1. In sequence order, what are the phi-derived ³J(HN,Hα) couplings for the stretch 393-405 according to the Karplus relation 6.51 cos²θ - 1.76 cosθ + 1.60 with θ = phi - 60°, rounded to whole Hz, with x for glycine and proline?
2. What are the residues whose amide H is under 5 Å from the amide H of LEU510, where those residues sit 5 or more places off or on another chain and H is modelled from the backbone?
3. List the lysines whose Cα sits under 28 Å from the Cα of LYS576, skipping any in the same chain fewer than 8 residues away.
4. Where in the stretch 1-53 are there trypsin sites (Lys or Arg not before Pro) that are in a DSSP coil and have at most 11 other Cβ atoms within 10 angstrom of their Cβ?
5. Which whole-number percent is the relative contact order of the stretch 35-109 (Cα, under 8 Å, 6+ apart)?
6. Taking the alpha-carbon distance from LYS14 and a cut-off under 20 Å, which aspartates and glutamates remain once sequence neighbours fewer than 8 residues away in the same chain are dropped?
7. Express in % the proportion of alpha carbon pairs of the chain at distances exceeding 42 Å.
8. Can you tell which of PRO545, VAL516, SER487 lies farthest toward the positive end of the dipole of the stretch 485-595, using +1 and -1 charges on the Cβ of basic and acidic side chains (Lys, Arg; Asp, Glu)?
Amino acid sequence: ARGELRAIGATTLKEYQKYIEKDPALTRRFQPVQVAEPAIEDAIAILRGLKERYEIYHGVRVTDDAIVAAVNLSSRYISDRYLPDKAVDLIDEAASALKMSLENKPPELEDAHRRIVRLEIEREALKKELQSSVKRTTKSRIKKIEEEVADLKERTGDLELRWTNEKEIISELKNLKKGLEQARLEADAAEMRVDLAKAAEIRYGKIPLMEKDLEAKEKRLRKLQTSRRILREEVTEQDVADVVARWTGIPVSKMLESELAKIARMDDELKRRIIGQDDTVRRVSDAVKRSRAGISDPNRPIGSFLFLGPTGVGKTELTKALAAFMFNDERALIRLDMSEFMEKHSVSKLIGAPPGYVGYEEGGTFTETVRHRPYSVILFDEIEKAHPEVFNILLQILDNGRLTDAKGRVVNFRNAIVILTSNIGAQYIDKMQKLGFASAPAEVSEERAGYEDAKARVMSALKDFFRPEFLNRLDDIIIFDILSRESIRAIVDIQITLVRERLAGKDIDLSVSAEVLEYLGKEGYNPQYGARPLRRLIQNKILNPVASLIIEQKVGEGGEIIVTLKGGEFFFDVKKGKKSVIIKTSELGEAAEAVK
């Protein structure tokens, strides 16, 4: 109060409100100064100022590209922390990882040394074996081992010498930088004491000599690394990107040509999995491309879609394909069944219970999941069943790309893809089922007109059920097409390929004749239920018999199964070693076998 004690404190706004603002006497002794998060340009300047300190501490060099990448990547991908703290931590961890790699031997040397140790152990074991019995093969093997060990030692000798020399120079550079930093601190201290003679001696005598020595050693290191570089002593933007990938759980390498090329071929990649929905795939990929190109609203999710269509046409499969393509993992899919959110109190499952209620400390199941996995495809299944309060939550997500939970924490949805499914207008969608049966051009034109009319009825039903502000916040409303016979036939190939891959994991080769594929395409076609009956058909006709063959040990590792169709019945030509057996589906589980 008398002004004899001067203090500067730092705290968070939350802690200030909790501990200081409650005491008016203490509050008026301090002048609050709000420190906002610096802009990206300011954060880069701050990191450039801190760069030398981290270089000296870790004994590595931080490139300017790494600093820019640390700020940009942390700003884009790490949403629950602030600049410059999160960017500083990125540089610190990347430099620490590089320092650890400098202290270890190169992988090539480590592998060679391990190989030498194994060979020497084998040689000693063979020498003991020679004492009990003289075998010509043992002597020959010992000789081969000694030749290989000598060759390995000769090849790694030069490499180890170069590694030692580089390591020594890098160590000397590290010590010089530490000494240079210490000299600058001593000069500053001398100036503070007004010891100008000492300050001048350090600044114009000691420091220039150390800088000259430092430059000479750096030049020597560059010359040594001209022909072949063994150690890398600078932190690059790729090192920073690797750290971001570890923190976020997704590969976040910089926007290289490889990633641009991946996004450019998004349509083709998705169409390999999603058959018969070319227009749907194009519209989804267009939204993602807009986001990746940076021309869409950065404060909204990557994309938000409402999927409509009959069962089995690929709605769920497209969400899985999106998760696999965008985030390299099908498990990056958060699915919420809206039939569990029909009551008003069920909103607490999303954002958490309010203060004073049971479960407040646990937070919301949904918000907690997204906080820890912000890079996900979020699926709201059968959205029309949700309580109106849930739609208020969705409006925040779709419009602002963020949601505040019951604890007041902001959850970021800007790196997620939001997909909603609905059965609204299902009665009109069912009328599309006949599409694909027409053969004459006039019939095709008539059915196409009916298809467009059904779509219009569905859109009208949507507008009657959902509020306009909800529908207007969606990027696109997509009605899936009925699968045609050609689409089902293409799905047969995909499903059989998946079965082959699973069996290949057991070292069993599966071949399926063209007649079987045509049969599956014909019998598995059902416009009302889409591709789901096809999966059951493959399960009953192929998977179940193959499972019986494996359980009954009629086929195993290295075996081959050829599936054919004769007279409407499936035959399994089983080859195990040199034996070959043809088995009918009806004979599986019985003793009867027809030997070829």
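1. For the stretch 393-405, the Karplus-derived couplings read 5, 5, 4, 5, 5, 6, 8, 9, x, 8, 8, 9, 7 Hz, x marking Gly and Pro.
2. Result for LEU510 returns ILE561.
3. Excluding near neighbours in sequence, the set is LYS506, LYS541, LYS554, LYS566, LYS584, LYS596.
4. Listed in order of number, the matching sites are ARG2, ARG6, LYS22, ARG28.
5. Computed value for the stretch 35-109: 37 percent relative contact order.
6. LYS14 reaches ASP23, GLU37, ASP80, ASP85, GLU361, GLU362, ASP405.
7. Distances greater than 42 Å cover 52 percent of the Cα pairs.
8. So the residue we want is SER487.
No value in this document is a laboratory result; all are computed from the given coordinates. What you are looking at is a predicted structure, and each value in this text was computed from that prediction instead of being measured. Every residue, glycine as well, gets a Cβ built from its backbone with ideal geometry; the counts of neighbours run over all protein chains shown.
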